[in-house]
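Where a number appears in this text, it was derived from the coordinates with a stated rule and is not lab data. The shown structure was predicted, so the numbers you read here are calculated from the model rather than taken from an experiment. No Cβ is skipped: glycine too gets one built from the backbone with ideal geometry, and neighbour counts run over all protein chains shown.
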Amino acid sequence: MTEITTISGNRGLMLEEPLIFEQGCPGRIGVDIADPGPVDEDRLGGLARQGAIGLPDLSEPQMVRHYTRLSQKNYGIDSGFYPLGSCTMKHNPRLSEKMARIPGLTDLHPFQPQSTVQGALEVIDLLAHWLKGLAGMPALAMSPAAGAHGEWCGLMAIRAYHDDHGDSRRTRVLVPESAHGTNPATAAMCGYSVDPVPANERGRVDVAALKAKLGPDVACIMVTNPNTCGLFEDEILEIARITHDAGAFFYCDGANYNAIVGRVKVADLGIDAMHINLHKTFSTPHGGGGPGAGPTVLSAKLAPYAPLPFVVHGTDGLELVEHAEQAPGAKPFGRVKGYHGQFGVFVRALAYILSMGADGLRQTSSDAVLNANYLLASLKDVLSASFDGPCMHECLFDDRFLKDSGVTTLDFAKMLIDEGFHPMTMYFPLVVHGALLMEPTESEAKETLDGFIAVIRALAAKAKNSEAEAFKAAPRLTPRRRLDETLAARQPILRWKHGANAEG
Amino acid sequence: MSMYFTKDHEWIKVDGDTGVVGITAYAQHALGDIVYVEVPESGRELRLGGDAAVVESVKAASEVYSPVSGTVTAGNAVLADQPALVNESPEDQAWFFKLTLSNPTELEGLMDRAAYDEYVAGLE
Amino acid sequence: MRYLPHTEADRRAMLATIGARDVDCLFQDVPAAARLDQPIDLPAGQSEMAVERVFTRMAGKNLSAGCAPFFIGAGLYRHHVPAAVDQLLTRGEFLTSYTPYQPEVSQGTLQYLFEFQTQVAMITGMEVANASMYDGATACAEAAVMAARVTRKKKIVLSGNLHPHYVQTTETVTKHQGLEIEALAPDPFGFEDLMGRVDSRTACLIVQNPGFFGGIRDLTQLADACHEVGALLVVAVAEPVSLGLITPPGAMGADIVVAEGQSLGMGLQFGGPGLGLFATREKYVRQMPGRLCGQTVDQDGKRGFVLTLSTREQHIRREKATSNICTNSGLCALAFTMHLTLLGETGLTRLAKLNHAQAVRLEQSLRRVPGAKVISQTYFNEFALYLGDDVDAAEVVEKLAAKGILGGVAASRFYPHWPELRPILLLAATETNSQDDMAALVSALNEGL
């Protein structure tokens, strides 16, 4: 098929699309704007822009076609199965989008008088009520913008607690080797040094090693649960106990909370703080990289240190506390971002939560775990499972099944693209060789999984049947084939410049 | 001129109290296509085992540690524009920096070629 | 449940394949003491109709900006977002895709990020821009940390004209990173002396342009002063539409420009999500936080795009990363770039002129309010109005709201400890304001004062 060439470079429904900078024509416009009219005297202080900006001028039909064509070069959950481990690519309900576009919820300014935004504060408060209830935790910080931001919020609260108690010796944070990269990066941002904790042969935290590393200089541990191998930390109560005995806090990376939501309360696991990725567990769209939201639940000990702002119940309705002195007893560690949190994401997450309810959420985590175990059971004889089941919401394989085939994990994943699937997560977690991490989510029907399983089994057979060349050439049916990342990094071209970005 | 090696895959060629440092053929092979190198500026004081340079491939970044203590006399400016040289000529043209050794006895803790080759063979 | 495809028969069949009696068996690794046998004691799921009713009820308790004469800014501005932007934003291939780590199936996202980076670099007058941060405030904090990394110095000077949320966020982010913050007093009259604040220990000076209280400054000399002592000049822009009309920070010598991109494409959304813009000089690109998209070629030699220079980021560099940011504001960047594509050079310039003209008209209308005086010498589409020595602007705002007018923000909402700022009201005008809106504001102010 790849040998078919066309005059235009287009291939049927697969259309080539130049950069906007290559299709503008000065004087066109895509928005009608009223004539500014005469201004007697401007107030620019002599600082009016000199010279052109360089932006291209396009009309609306050109713009619509441009982005429509770009969208067709993307694979989304709406397109097909997206088993990207650790990323929770579940269906994004359209009701959430509709609710987020109600003018009375979206056309609001964060600095309107509070009497005019009681409904918006209610959205924040109601979502907070659900998140606290599901987690069983007494407090939370709503404003973090994403998972990593929530991690930082949690660690800042922990640090504020230690500082407030005159305990400045605690400078170390213990992080398992299988952790997301955000964990050590976050600890460093809080002025902590990072001390890795090894995993045991069952893919869990080595509790004896953890115990040996705990001491009066440890501020907290950061443990992902279920962990990045898709396994529940079955010794979690012991982990919490020895951590607390050492005077340290238990921060849980809640990236995988979707596996247990509605079935397990975070508070019952001895966790002191955990962020909740609304864009994972509560199904707000990933949007090609964001926005997300990372509200962070906090234990009673950490609650006073929650950052500004927060919503409280006042005498005249809901009140938004923007300054510490408005809330007696509060010792906020600061402010984590502008305004009042990812409100648009809150609306979407709340719509999902209200749709599912406590019963639906329990079913959600049950089905997510069921699907992952079904994949594991259906594939473990042809792939190499890194750990015995049951797994939680995702299953982990390594590249032992590709030994001597000449095919790598990367090749295997790229072959899946030609088969119409988004690849699984590759080479993460780092604790196994050539990782393939699959997270099917609860959104997938059995027949979708069966189709995927059939393809994987056939590909595994192909790989073992010394057809490495075909894998190396994949993908062949995409708008672009494998891209030269080495060239991109050696000679970075990070923007369009006139005459410098010729179409290859 | 003698050549010594570290367990972190740096090499150092020594002539009197002058040393030239780079990374080994094994190291560049393990990293893959090198896309970026950052070398220390002249005058920087380095200590044995301390961070001295950075070498990056597309998916990995590695610190290069100084095999000995000393003062940098030159960084190899060519590598900024031609990081691929590390892949092509790791133990010759793609030297990272030159330094004046402050404590030549530190060389005694390093491996010679035969010992390094044996060490590498044990890693595979 | 409408989002869950399995039938009970499916579940039974799958459990049989797994060899598990029931789903509870799959949760065997959860300590028994923590396993819940029943759903958590919260309401059960609801139909679309029922959920819509809940949100419609909550929406009804708000006074939305479009239903009132509206003059609030203070870092977020109400602009008309063309219909095509939101229509295209909901295309599932954009909305429901992940970070473009697999470039062959993400050329759509990658190409718009490349275009976005170019547009941001162009409007700010800088060389390179990243693929977005959370918002203007966090981008500002990241700039402070980056400046310290570049200069290996520790002192960060924050202008009194920098948005207070940017100040507070920067203070919080840098708290435990060994940096020293010198935040200057709020500066509504534009009197502060920044030249005298920069010395050999300074990593960067952060100023906002137009300032929080409206003023537009020529930063050229400040940039020179910073560069003379080895410091960087960081410029924050809260209203990117202003860049269609005023000299961009890059042309005045800025080393890093951070901005809030919300003005284009997104609407107000009660302040979130925002869109952090981050641009700098090419020589500092490896010290930059956040994702970067770059051009390359594919196996057949065709132009394509990939995420690049990733070794700066947390998933590779871990504790030595330039930032811990992972999820950013991808879809907001798409909204921004789509709106800016529709505007183009002609549209952005005209929109900026219209905004400025509206603000000038508003100032002229306010001359009819006795005792009130615009104190910003220069401004773009927002200025500070001094209401009179004994007037509490916060009370005025409440009185206006009671009349159905969203008439700006009192400076005291941000600076409760500065009594001298109590009479100051921040007022913004954009293309969304009508003459009637302005007349309503003026007449209400005359009645209320």
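In chain B, the ratio of gyration radius to Kirkwood radius, Rg to Rh, stands at 0.94 when only Cα atoms are counted.
Scan chain A and note any complete DSSP helix (H) whose C-alpha atoms cover at least 18 Å along its axis and whose Kyte-Doolittle average is -0.5 or more.
Numbers: long enough: A:118-135 (25 Å, 0.77); A:147-164 (25 Å, -0.37); A:343-379 (41 Å, 0.75); A:446-464 (27 Å, 0.44).
Those that clear 18 Å and a mean of -0.5 are A:118-135, A:147-164, A:343-379, A:446-464.
With the cut-off at 1.5 for a/c, could you classify region A:96-352 from its C-alpha gyration tensor as rounded, prolate or oblate? Prolate shape, in that a/c is at least 1.5 and a/b is the bigger ratio. The Cα center of region C:329-371 and the Cα center of region A:250-265 differ in position by 44 Å.
Size descriptors for region A:86-178: radius of gyration and Dmax over Cα atoms are 18.1, 51 Å. Taking every C-alpha pair closer than 8 Å and separated by at least 6 residues, the mean separation divided by the residue count of chain A gives a relative contact order of 18 percent.
Taking 7 Å steps out from each Cα toward its Cβ at C:ASP392 and B:ALA30 produces label points 6.9 nm apart. This model, with +1 at the C-beta of Lys and Arg and -1 at the C-beta of Asp and Glu, gives the protein assembly as shown a dipole about its Cα centre of some 1080 debye. Would you mind classifying region C:196-343 by shape? Square roots of the alpha carbon gyration tensor eigenvalues, ordered a ≥ b ≥ c; an a/c under 1.5 is rounded, otherwise it is prolate if a/b is larger than b/c and oblate if not. Oblate, since a/c reaches 1.5 and b/c is not below a/b. Each label point was placed 7 Å from the Cα along the Cα-to-Cβ direction; for B:MET1 and C:GLN87 their separation is 6.9 nm. Its alpha carbons considered, the protein assembly as shown gives a radius of gyration followed by a Dmax of 28.9, 93 Å. The alpha carbon centroids of region C:105-131 and region A:279-330 are separated by 32 Å. Remark: relative contact order (region A:1-149) = 18 percent; criterion is Cα-Cα distance under 8 angstrom and separation of 6 or more residues. Under 21 Å of direct C-alpha separation, and excluding same-chain neighbours fewer than eight residues apart, C:LYS154 reaches these lysines: C:LYS175, C:LYS283, C:LYS320.
Partners of A:LYS472 within straight-line reach, counting lysines whose Cα lies under 22 Å from its Cα and excluding those fewer than 8 residues away in the same chain: A:LYS73, A:LYS403, A:LYS414, A:LYS462, A:LYS464, B:LYS59, C:LYS302.
Taking 0.36 nm per residue of separation and subtracting the current Cα-Cα distance, fully stretching the chain between A:ALA454 and A:SER466 would add 2.4 nm.
Among C:GLU104, A:GLU467, C:GLU8, the ranking by other beta carbons within 10 Å of each residue's beta carbon, starting with the fewest, stands as C:GLU8, A:GLU467, C:GLU104. Bin by bin, in steps of 10 Å, what percent of the Cα pairs in region C:83-339 do you find, going until the bin that has the longest distance? Pairs per bin, as whole percents: 7, 32, 36, 18, 6, 0, 0. Centre-to-centre, using Cα atoms only, region C:208-280 and region A:1-48 are separated by 24 Å.
When Rg and the Kirkwood radius Rh are both evaluated on Cα atoms of chain C, their ratio Rg/Rh stands at 1.03.
Express the relative contact order of region C:83-339 as a whole percentage, based on alpha carbon pairs under 8 Å and six or more residues apart in sequence. Don't jump to the answer; show the numbers that get you there.
Numbers: 533 pairs, mean separation 69.8, N = 257.
Across region C:83-339, relative contact order equals 27 percent.
For region C:166-254, the residue among C:GLY215, C:CYS226, C:THR174 whose Cα projects farthest onto the positive side of the dipole built from Cβ charges is C:THR174. Given R0 = 45 Å, the distance between the Cβ atoms of B:THR18 and C:THR220 translates into a calculated FRET efficiency of 0.45. Both radii come from the Cα set of chain A: Rg as radius of gyration, Rh as Kirkwood radius; their ratio Rg/Rh reads 1.00. By other beta-carbon atoms within 10 Å, ranking C:CYS25, A:CYS190, C:CYS140 with the fewest at the front produces C:CYS25, A:CYS190, C:CYS140.
Just rank B:SER89, C:SER412, fewest to most, by other beta-carbon atoms within 10 angstrom. Intermediate results must be reported in sequence, preceding the final value.
Numbers: B:SER89 14, C:SER412 21.
Taking fewest neighbouring Cβ atoms as first place, the list is B:SER89, C:SER412.
Stretched out fully, how many nm does the piece from C:GLN364 to C:GLN287 gain, at 0.36 nm a residue minus the Cα gap? Don't skip to the end; give the middle numbers.
Working: separation 77, 0.36 × 77 = 27.72 nm, distance 4.61 nm.
Full extension of this stretch gives 23.1 nm more.
Take each residue of peptide A:181-194, count the partner chain Cβ atoms within 10 Å of its Cβ, and average: the result is 6. Under the shape rule built on the C-alpha gyration tensor, where the axes satisfy a ≥ b ≥ c, region C:228-314 is oblate, since a/c reaches at least 1.5 while a/b does not exceed b/c. Here the spin labels are modelled as points 7 Å beyond Cα on the Cα-Cβ line, and at C:MET49 and B:GLU41 they lie 7.2 nm apart.
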